Amino acid sequence: QVQLVESGGGLVQSGGSLRLSCAASGRTLSTDAMGWFRQAPGKEREFVARISGGGTTYYADSVKGRFTISRDSAKNTVYLQMNSLKPEDTAVYYCALDHYGFGFRTRTSDFGSWGQGTQVTVSS
C-alpha cells in the first residue's frame, strides 16, 4: 500500500514562490507517473501537472511556464516548483500516483493513490 505525503504549502504573496514535495513510501516510484492536482473552495479538483515514468512532463495551460514538476528517484519524491504565484493559485494541492507510467492522462479517476493535501494560499 503506497502512502503519499505532501509538504511545503503555506502563505505567500502574489509573485512569490513555493516548492511542494510529495514523499512516497511503500512503493518505488521509478516507473509510475505522478501528478499534482489542486482544489479550490467550491470548485472541482483540477489537474495541474504530470510527470511520466520516463520523465516526460505535462502541464495545465493555467500553470505552464510558471510551475515545474520534477522527481528524485533516489529520494522517492516528486516536487512541484511554483513561481510567479497568483491569488487564483490558492487551493489545496494534492499529489497522486498513476500506475500507468506513460502517456498524458489527467483525469482524477486515472490516479489510484492520493496524498492528504497541502494548503497553498496566495495573497494579493
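Observations, loosely collected:
- Solvent-accessible area per residue for the chain (1.4 angstrom probe, square angstrom): 50
- Listed residues D89, D72, D61 arranged by accessible area, highest first, probe 1.4 Å: D61, D72, D89
- Accessible surface, 1.4 Å probe, highest first, among residues T118, T68: T68, T118
- Taking only the C-alpha atoms of the chain, the Rg (one decimal) and the largest Cα-Cα distance, Dmax (whole number), read 13.3, 40 Å.
- Ranking by accessible area, most exposed first, for K64, K86 with a 1.4 Å probe: K64, K86
- Each peptide in 36-45, 74-83 gets a packing score, the mean of other Cβ atoms within 10 Å over its residues, and the list from highest to lowest is 74-83, 36-45.
- Accessible area of the range 7-76 belonging to carbon and sulfur atoms, whole % at 1.4 Å probe: 45
The values are calculated or read from the model by the stated rules, or taken from the named source; none is laboratory data. Note that the coordinates shown come from a computational prediction; the quantities given were computed from them, not determined experimentally. Cβ: placed from backbone, ideal geometry, glycine included. Neighbour counts: every protein chain shown. Only protein heavy atoms, including side chains, enter the accessible area calculation; ligands, DNA and RNA are left aside. Shrake-Rupley method; radii C 1.70, N 1.55, O 1.52, S 1.80 Å.
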